[in-house]
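Chemist: To start, I am sharing the structure in question, which I have written as structure tokens.
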Amino acid sequence: TRCDDGQPMVRRDHWYGRPVWRARSVLLLHAFGQSGGMYTLPELQPNLAEVLVAAGYDVWVLEHRISTRLPYTIFPSTIDQIARRDIPAAVQRILQDLREPSRGAARHVPTAEPLQILAFAQCIGGAALAMSLLDGRLSYPQTAGRDGELPVQLPMLAGAVISQTHPFLVGSAIT
């Protein structure tokens, strides 16, 4: 499931009749009070990152602003900041790296054609991912066509799995 040069596969597909390219790359977003280490723990054999790599995926782990691995947890942060800044910046960086002319897996993809990746998010990472998607921050500026009367935004994600979260989040003064 990898190219001859070891890069993950990138294949051409269609979304609402528009050509898109889909990379076998997945972004992992961690839970509240956790870090990306939850996906790479050496004590778990195999861990999720290893399983995905063995299946031919390029794995990216985002340490967003409330990661326990980062010193920024001492500063007040909101889920809105993760949704509006951290996740879109991470997706843009991944897409940029995949298109890198010298080594990117999608270096052969024409720049005018959209590239998509996958995402797996848990808990607050999942809620923030849903917020980013619903706010249009993970969509290309051009539309993919129309669904009846509505224009269809072309997503930067080919798919997403959101685990252990729901759309009704109620925080408390402690959390």
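The values are calculated or read from the model by the stated rules, or taken from the named source; none is laboratory data. No experiment lies behind these values; they were computed from the predicted model shown. In this analysis, Cβ positions are derived from the backbone assuming ideal geometry, glycine residues included, and neighbour counts consider all displayed protein chains. Each accessible area value is taken on the protein alone, full model and side chains, heavy atoms only, with ligands, DNA and RNA left out. Shrake-Rupley method; radii C 1.70, N 1.55, O 1.52, S 1.80 Å.
Chemist: Take each of the peptides 12-19, 130-137, 105-112, average the number of other beta-carbon atoms within 10 Å over its residues, and list them starting from the highest. It would help to have the intermediate numbers written out before the result.
Modeler: Working: 12-19: 11.8, 130-137: 17.1, 105-112: 14.4.
Result, highest mean Cβ count within 10 Å first: 130-137, 105-112, 12-19.
Chemist: Now, a different point. Using the Cα atoms of the range 89-155, I'd like the radius of gyration and the largest Cα-Cα distance, Dmax, both in angstrom.
Modeler: Expressed in Å, the Cα Rg and Dmax of the range 89-155 come to 13.8, 42.
Chemist: Now for a different question. Where the accessible area of the chain is counted over protein heavy atoms with a 1.4 Å probe, how much of it, in %, is carbon and sulfur? Kindly include the intermediate steps, with their values, before the conclusion.
Modeler: On the way: 5620 of 9870 Å².
Result for the chain: 57 percent of the exposed heavy-atom area is carbon or sulfur.
Chemist: Then there's this: Using a cut-off of under 17 Å, list every residue of the range 61-82 whose amide N is near the label point 7 Å from the Cα of residue 153 along the Cα-to-beta-carbon line.
Modeler: So the set is 80-82.
Chemist: In whole Å, what are the Cα extents of the range 1-143 along the three principal axes, biggest one first?
Modeler: Ordered largest first, the range 1-143 gives principal extents of 43, 38, 26 Å.
Chemist: How much accessible area per residue does the chain have, counting only protein heavy atoms and a probe of 1.4 Å, in square angstrom? List each step's numbers first, then the result.
Modeler: On the way: 9870 Å² over 175 residues.
Result: 56 Å² per residue.
Chemist: Report the paramagnetic label zone for residue 9: residues of the range 49-65 whose backbone N is under 16 Å from a point 7 Å from Cα along the Cα-to-Cβ axis.
Modeler: 52-59
Chemist: Then there is this: Which far-off residues, 5 or more places away or on another chain, put their amide H under 5 Å from the one on residue 32, with H placed in the peptide plane?
Modeler: 124, 125
Chemist: Hey, rough spin-label estimate for residue 68 and residue 103, points 7 angstrom out along Cα→Cβ, what's it come to in nanometres?
Modeler: Distance between the two pseudo-spin positions: 3.2 nm.
Chemist: Calculate the dipole size of the chain relative to its Cα centre from +1 charges on Lys and Arg beta carbons and -1 charges on Asp and Glu beta carbons; express the result in debye to the nearest 20. Don't skip to the end; give the middle numbers.
Modeler: On the way: 16 positive and 15 negative charges, 53 e Å.
Magnitude of the dipole: close to 260 debye.
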